[in-house]
Amino acid sequence: MELETLLERCRAGDELAWEALVRRFQGRVFALAYHYLRNREEARDVAQETFIRIYKSLDGFQDSERFLPWMVRIARNCSIDRVRRLKVRPPLGGDELDEQTIGPHPGAGPEVVAMAGERSHLVYRALDQMTEINREMILMKEIQGLKQREIADLLSIPLGTVKARSNRARVELARCIVEIDPSYGA
Amino acid sequence: MHCTEFQERLFEWLEGRLEAAEVERMQSHAAGCLRCRELEELATGDAGLPAVEPPDDMVASIMAQTTGGACDRALLLVSERLDAGPADVAGPADVAGPADVAGSVEADPLLEMHLESCAECTSLAGALARLQRELPAMAEMEPDPGFVSDVMAATIGAAVSVRAAAPLQEATPAPHLVSRPAFDWREWVQGLPLAAPVSAFFERLTLRPRLAFEGAVVGTLAFVLVIGLPSVGVAELPSRLMAGVRQERLEVQSAVAENFGRAAEVGRAAWTTSASRLGEYVNISPSTAGTRSRFADMLGSWRQAGVEIASHLWEGEFSAAFARMWRLWTEPWRGDSNEEEGPGSRADNQDGQRYQS
Ligand SMILES: [Zn+2]
Ligand SMILES: [Zn+2]
């Protein structure tokens, strides 16, 4: 179903439409939250919070074209709020990084990295080495596929900066990833 | 053939561009002319002298001392080219091959030259192309299967159901809880005789997770007050929970989890004490059997409400807990709905009878 129709039915209070919307975008929202939090539990919580906020503001939202960037913005805000709170007050238990989801320890050798299977672990590890702004450039442009204009709005930076930075960010990521696994680009 | 002519045509000869007849003339001249033969040997490398090749790192070292290296520029161009070309610009081999460069960005022969000689950039170009293919796949990541229904429960509340609250129900089985129809809090809020802003506030309250937690803690306090009225020492529990309210959610969560079992336990003990005191009072009062049973009913319904509220809180169903508390507070004395007469008025009547007798 078209997103526009779906949103219209959501606004009309159709629970089925809302469920379908959640189902359609849960993967994206969860991936966004996970990108910032790197912990499945926290990411799930933040994803749920994001959908609750979306639900609350759905009435005032008209333009289906802008739904995706709008959703990304809410997910980003919720995630950053949570990251800040966790930094100020780290969780009680041994709830540090989600080793299982993240893959091998940063100190692990290339063999271990290769055995970890999923390439995204490697990408996450490389992302960890990047500057924050470049990491967000990668997330928003390369991973989420937002337009440069949308990224400029989202991150509150000039469009020209987005254009210049997007290539730099890619190159930085390529450098980081080849440093971890020299065979990546071969 | 003169030496001048030999020297002019030497390179053409070595490159195999001379006719057979001319090659013969060149050979016969070289055979008879030492100087020209030496020249030929030098040019072909047969002279036994080492070939003079520039050292491998010479270009790099010149670049380092002049512009500071062309790699940055090369990689930016490679990255820009990824945007311009379709997805099939991939892999170092493709990147290096000018024929594969598609899109509006023209193949830059200088870039190709750099990539041919710079292994690092070739590897990075390969990584860039591969990232271009792999990153979009990270846009989505499935949460657990229960996620959607949790979101539904937290928003439209459709999935609000009473699940078993094991520790509480074990002590006080309440089978009616299981069969109770799902509570629609939205309907309930709309049905309240409240002004729109108040109802909107309530809606916000129940939808904001943080506030919901604060509400849960306040609800727990209310529960303790309702259940554990006057006696047993629950004094330190509210203050501990209130301290939790001011802290972050995670801590509140653990505070609630940590204290709740205790709260229920203390509440139940308090209840038993209170109930028996009330029972004593009823027994020593010059009352009718009706009053006694009224009291017993009231105590029973309070106790039941407490258990329901507790299990709602325990399950995180804050709106349902609020609703139950609200019902308890607004209609505390009303018994079963099939009674024609309000139990409160009946109790009054009985009290009246008591005083008359
Ligand atoms: Zn000669
Ligand atoms: Zn290079």
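Yes or no, residue by residue, for (1) within 11 Å of chain B (Cβ to nearest Cβ); (2) modelled with pLDDT of 90 or more:
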| position | (1), (2) |
| --- | --- |
| A:Tyr34 | yes, yes |
| A:Leu37 | no, yes |
| A:Glu41 | yes, yes |
| A:Ile54 | yes, yes |
| A:Pro69 | no, yes |
| A:Gly93 | yes, no |
| A:Leu97 | no, no |
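Here A:Ala47 fits the description: part of a helix (DSSP H, G or I), closer than 24 Å to A:Arg125 by Cβ and touching a Phe, Trp or Tyr at 6+ places or on another chain (Cβ under 8 Å).
Out of A:Asp81, A:Asp63, A:Asp59, A:Asp14, I need the residue that is surrounded by fewer than 16 Cβ atoms within 10 Å (Cβ to Cβ) and either at pLDDT 90 or above or closer than 17 Å to B:Met138 by Cβ (or both). Which one?
Working: A:Asp63 fails: either at pLDDT 90 or above or closer than 17 Å to B:Met138 by Cβ (or both); A:Asp59 fails: either at pLDDT 90 or above or closer than 17 Å to B:Met138 by Cβ (or both); A:Asp14 fails: either at pLDDT 90 or above or closer than 17 Å to B:Met138 by Cβ (or both).
Being surrounded by fewer than 16 Cβ atoms within 10 Å (Cβ to Cβ) and either at pLDDT 90 or above or closer than 17 Å to B:Met138 by Cβ (or both) holds for just one of A:Asp81, A:Asp63, A:Asp59, A:Asp14, which is A:Asp81.
Listed by position, the helices (runs of 4 or more DSSP H) contained in region B:1-102 that have at least 1 residues being modelled with pLDDT of 85 or more and within 16 Å of ligand 1 (Cβ to nearest atom) are B:3-14, B:20-32, B:34-44.
Applying the criterion of at least 3 residues that are closer than 20 Å to B:Glu80 by Cα and charged (D, E, K, R) to the helices (runs of 4 or more DSSP H) found wholly in region A:115-186 leaves A:159-180.
Among the residues of region A:145-159, at least one is under 14 Å from the mean Cα position of the chain (by Cα), within 12 Å of chain B (Cβ to nearest Cβ) and closer than 18 Å to B:Ala129 by Cα.
The values are calculated or read from the model by the stated rules, or taken from the named source; none is laboratory data. For clarity, every value in this text was computed on a predicted model and none was experimentally measured. Reconstructed Cβ throughout: ideal geometry from the backbone, glycine too, with neighbour counts over all protein chains shown.
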